[in-house]
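Participant: Before anything else, here's the structure in question.
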């Protein structure tokens with residue numbers, strides 16, 4: 001990281017950024033060009049979990065090249081400093097970037113666990129069980145973080 005003073009190394013702080021997020025941006029390779037999608041997700045044990053339909057462009061691209069980049073951020077207030085000079089303005093933020101390889105889950109128990117993790121990102125541990133038919137009909141994939149970095153600007 002170029003600005004090492006902005007790097008967040010505390011794993012608890014990184015986990016807090018991820019746990020507060022509701023959307024992750026998933027970067028996929030689309031024939032040599034980036035393709036970025038906002039997605040709901042879950043996170044546990046250094047692994048991101050996502051779900052999608054059982055067909056479509058996203059799944060086709062992941063099957064062709066499973067290497068992905070994930071971005072999560074949280075922004076706060078605009079810092080205007082010198083109000084008359086916008087070049088001196090900034091925004092306080094914290095962000096997480098993860099690099100990994102997407103793996104489509106086929107085992108029903110792994111899918112069930114992954115979907116619980118995704119649901120708990122929104123509902124905590126109070127979410128009802130998913131019907132078995134819904135689990136079977138949902139495509140689920142995970143991305144184990146091979147490289148996870150975080151930074152802040154304040």
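The values are calculated or read from the model by the stated rules, or taken from the named source; none is laboratory data. Just so you know, these numbers come straight off a predicted model, no measurement behind them. Cβ atoms come from the backbone with ideal geometry, glycine included; neighbour counts cover every protein chain shown.
Participant: I'd like to check something: does the stretch 87-95 contain any residue that is touching a residue at least 12 places away in the same chain (Cβ under 8 Å) and within 14 Å of the chain's Cα centre (by Cα)?
Facilitator: Start the filter on the stretch 87-95 by keeping residues that are touching a residue at least 12 places away in the same chain (Cβ under 8 Å), which leaves 90-95.
Adding the requirement that they be within 14 Å of the chain's Cα centre (by Cα) leaves 94-95.
Within the stretch 87-95, one or more residues are touching a residue at least 12 places away in the same chain (Cβ under 8 Å) and within 14 Å of the chain's Cα centre (by Cα).
Participant: Got a sec? Which of 120, 76, 84 is farther than 20 Å from residue 146 by Cα and assigned to a helix (DSSP H, G or I)? It would help to see each step written out before you state the result.
Facilitator: On the way: 76 fails: assigned to a helix (DSSP H, G or I); 84 fails: assigned to a helix (DSSP H, G or I).
Only one candidate qualifies: 120.
Participant: Are there any pairs with C-beta distances below 6 angstrom linking a residue in the stretch 31-44 that is on the phi < 0 side of the Ramachandran plot and free of Cβ contacts under 8 Å to residues at least 40 places away in the same chain to a residue that is part of a loop (DSSP other than H, G, I, E, B) and surrounded by fewer than 16 Cβ atoms within 10 Å (Cβ to Cβ), with the two at least 6 apart or on different chains, and if so which?
Facilitator: Filtered contacts from the stretch 31-44: 38/23.
Participant: Which condition does residue 122 not pass, out of (1) surrounded by 12 or more Cβ atoms within 10 Å (Cβ to Cβ); (2) modelled with pLDDT under 95; (3) within 14 Å of residue 18 (Cβ to Cβ), if it passes all the others?
Facilitator: (1)
Participant: To continue, here is another question. Can you find a residue that is touching a strand residue (DSSP E or B) at 6+ places or on another chain (Cβ under 8 Å), assigned to a loop (DSSP other than H, G, I, E, B), touching a residue at least 12 places away in the same chain (Cβ under 8 Å) and surrounded by fewer than 12 Cβ atoms within 10 Å (Cβ to Cβ) anywhere in the stretch 46-56? Full working, then the answer.
Facilitator: So the first thing to find is which residues in the stretch 46-56 are touching a strand residue (DSSP E or B) at 6+ places or on another chain (Cβ under 8 Å), and the list is 46-54.
Subset that is assigned to a loop (DSSP other than H, G, I, E, B): 46, 53-54.
If we keep only those that are touching a residue at least 12 places away in the same chain (Cβ under 8 Å) as well, we get 46, 53-54.
Then drop every residue that is not surrounded by fewer than 12 Cβ atoms within 10 Å (Cβ to Cβ), which leaves 53-54.
Yes, the stretch 46-56 contains at least one residue that is touching a strand residue (DSSP E or B) at 6+ places or on another chain (Cβ under 8 Å), assigned to a loop (DSSP other than H, G, I, E, B), touching a residue at least 12 places away in the same chain (Cβ under 8 Å) and surrounded by fewer than 12 Cβ atoms within 10 Å (Cβ to Cβ).
Participant: Answer yes or no as to whether residue 20 is over 14 Å from residue 148 (Cα atoms) and either surrounded by fewer than 11 Cβ atoms within 10 Å (Cβ to Cβ) or modelled with pLDDT under 95 (or both). Step through it out loud before you land on a result.
Facilitator: On the way: over 14 Å from residue 148 (Cα atoms): yes; either surrounded by fewer than 11 Cβ atoms within 10 Å (Cβ to Cβ) or modelled with pLDDT under 95 (or both): yes.
Yes, satisfied.
Participant: Let me ask something else. What tally of residues in the stretch 29-45 results from selecting those that are within 16 Å of residue 140 (Cβ to Cβ) and either within 10 Å of the chain's Cα centre (by Cα) or in a strand (DSSP E or B) (or both)?
Facilitator: Going through the stretch 29-45, the residues within 16 Å of residue 140 (Cβ to Cβ) turn out to be 37, 39-45.
Checking which are either within 10 Å of the chain's Cα centre (by Cα) or in a strand (DSSP E or B) (or both) leaves us with 37, 39-44.
Number satisfying all stated conditions: 7.
Participant: Here is a further query. Looking only at the stretch 66-117, which residues are more than 22 Å from residue 20 (Cα to Cα), modelled with pLDDT of 95 or more and out of contact with any helix residue (DSSP H, G or I) (no Cβ under 6 Å at 6 or more places or on another chain)?
Facilitator: Scanning the stretch 66-117 gives 66, 67, 101, 103, 104, 106, 107, 108, 109, 110.
Participant: Could you go through the stretch 130-139 and let me know if any residue there is in contact with a strand residue (DSSP E or B) (Cβ under 6 Å, 6 or more places away or on another chain), within 15 Å of residue 42 (Cα to Cα) and crowded, with 19+ Cβ neighbours inside 10 Å.
Facilitator: Scanning the stretch 130-139, I find no residue that is in contact with a strand residue (DSSP E or B) (Cβ under 6 Å, 6 or more places away or on another chain), within 15 Å of residue 42 (Cα to Cα) and crowded, with 19+ Cβ neighbours inside 10 Å, so the answer is no.
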